[in-house]
Amino acid sequence: MKLKTNILITFLFLAIGAFNQGFSQKKLNNLNQTLRYSRYSRLGLKIIPIKESDTEYRLQMVIEKIEENPSFDTFSFSYSILNSYEQDILDDEVNLLTSNDLKYDTERHWFFEKSVSIPSNQETAIALLTVLDTRQGDEYYYHVDLKSPFIFGQPSFGAYYANNIPFDQNFLTKGQSLLFKSESGPSLHEFYYPVTFEVPYPPMETKPASVPKELEVMDRGDFLTNVPKSLDNEGYYFYQSDTSSVSGLLLKTTNEAFPKVKDWEEMIQMVTYISTRKEHETLLLAEDKKKALDEYWYNLTRNPDTAKDLIKEYFRQTEFANILFTDFKEGWKTDRGMVYIVMGPPNEVNFYLDREVWSYGGLNESSKIRFTFVRVKNILTPHYYTLNRSKAYQPVWFKNISIWRSGKMAF
């Protein structure tokens, strides 16, 4: 009996040691963040940093309640401040958040706010928000660089809903209002860009994408903070507290139907990803767009019911792409949005300082299909990624398009 007890105790110590060793090996770059892009996520996470001084940042941690009437006690909340994507995430670097830390609990959001200090000589600092769903063990993650070589800086102001919850979406319907609050002065400066962007090239097209030779910008001047401000035009706005600096806040404004498809014209644009060039040109030239689209969908499947299911599924994917990946472009026009629509939600998502990697399928490492999105430093957004294109994607890309066109794609 004593021998069995000693064996059991030894086993428990080994198990605890293995667990601690495994936990010590958890790093930001090996966290699978696939729930960030899942169509079945129960929560949506966001960290919105406000720079208060050269060393102080206020973290606005906003959790959107996607699930209907979720219970706070069902989840475990925590945040960490890391100095690299390779750093081990240890127990003493994880800060638990309880109901006492809630700043607001609204119908749509839980909102935490914490201030953190980052040494002025530290070149990289990342804030990581983690939420564990204790019912099935799902872990949701969201991270943002507070300081890194890929961002110009953080703004000293923020945009808020009428109930003082930070604006946590990637777009705003034109004509709606937000409240701006600033740490650095009573006014902000507004620039408006009415530009539209082209659809991206497919993954196997290695030539550079075309860019507008001239970007129209309208300087709207200063406006007062702490007063509701309406964003009346469709396009995108860029706000700064200091026009001589390189930090600011981007807000994309959209039509009333967004993130859903707006009309027949836009529907024709969106089907380009699964159409031949001839099919798409025929649709673009058609006088009766609705009739042409009806014929298009029916010709793909030769079955009215299958065609209806295909239409529903395809535009559900574009809706999610718009929700998840809109920046200054509509989400479906971004590289990540394009891959998301055709390939579906990735099985694995890993972030590194300079890239984001999506993995699909495969029983082992050698058989997985990976799409690498390279991070590009951009004054408008710290989360701008472009696909690292390769002709090697052609077989899997055409295979997935064929599955779409047969009406058999489902996620």
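The values are calculated or read from the model by the stated rules, or taken from the named source; none is laboratory data. Just so it is clear, the model here is predicted, and its values are computed rather than measured. When we count neighbours, we look across all protein chains shown, and the Cβ atoms used for this are built from the backbone with ideal geometry, even at glycine. Ligands, DNA and RNA are stripped out before the accessible areas are found, and what is left, the full protein with its side chains, is counted by its heavy atoms. Shrake-Rupley method; radii C 1.70, N 1.55, O 1.52, S 1.80 Å.
Per residue, the solvent-accessible area of region 329-411 (1.4 Å probe, heavy atoms of protein chains only, all protein chains present) comes to 43 Å². Could you tell me whether the chain comes out rounded, prolate or oblate from its Cα gyration tensor? Rule is a ≥ b ≥ c as square roots of the eigenvalues, rounded for a/c under 1.5, then prolate if a/b exceeds b/c, otherwise oblate. Because a/c hits 1.5 or more and a/b fails to exceed b/c, the chain counts as oblate. Per-residue packing, averaged as other Cβ atoms within 10 Å, sorts the ranges 164-170, 395-401 into the order 164-170, 395-401, beginning with the highest. Across region 319-411, C-alpha contacts under 8 Å between residues 6 or more apart give a mean separation that, scaled by the residue count, equals a relative contact order of 20 percent. A cut-off of 5 Å between modelled amide H atoms, ignoring neighbours fewer than 5 places along the same chain, links F167 with A159, Y160, Y161.
Amide hydrogen proximity for L102: with H placed 1.01 Å from N in the peptide plane, no residue at 5 or more positions away or on another chain lies under 5 Å. Entry note, region 93-209: relative contact order of 14 percent, from Cα contacts under 8 Å with a spacing of 6+ residues. Out of every Cα-Cα pair that region 152-245 contains, those further apart than 24 angstrom amount to 33 percent. The residues of region 112-198 present an accessible area of 40 Å² per residue when probed at 1.4 Å with all protein chains retained. Shown for the chain: the carbon plus sulfur share of the solvent-accessible area, taken with all protein chains present and a 1.4 angstrom probe, equals 51%.
Remark: region 263-276, residue by residue, has Karplus-estimated 3J(HN,Hα) of 7, 5, 4, 5, 4, 5, 4, 6, 7, 4, 5, 10, 10, 6 Hz, where x stands for each Gly or Pro and the curve is 6.51 cos²θ - 1.76 cosθ + 1.60 at θ = phi - 60°. Calculated mean residue ellipticity at 222 nm for the chain: -7500 deg cm²/dmol, from DSSP H runs with n ≥ 4 weighted as -39500 (n - 2.57), summed, divided by the residue count and rounded to 500.
Put the Cα centre of region 35-109 next to the Cα centre of region 329-343 and the gap is 26 Å. Magnitude of the charge dipole for region 292-411, about its Cα centre and with charges confined to Cβ atoms of Lys, Arg (+1) and Asp, Glu (-1), is about 340 debye. When each of the peptides 285-292, 342-349 is scored by the mean number of other C-beta atoms lying within 10 Å of its residues, the order from highest to lowest reads 342-349, 285-292. Separation of region 274-321 and region 377-405, taken as the distance between their Cα centroids, equals 21 angstrom.
Only Cα pairs under 8 Å and 6+ residues apart enter the sum, and on that basis the relative contact order of the chain stands at 15 percent. Taken one residue at a time, the phi angles of region 145-150 give Karplus couplings (6.51, -1.76, 1.60, θ = phi - 60°) of 6, 7, 9, 5, x, 9 Hz. Gly and Pro are set to x. When both region 125-151 and region 236-267 are represented by their alpha-carbon centers, they are found 25 Å apart.
Full extension of the chain segment joining F72 with Q169 gains 32.8 nm, where the gain is 0.36 nm per residue of separation less the Cα-Cα distance.
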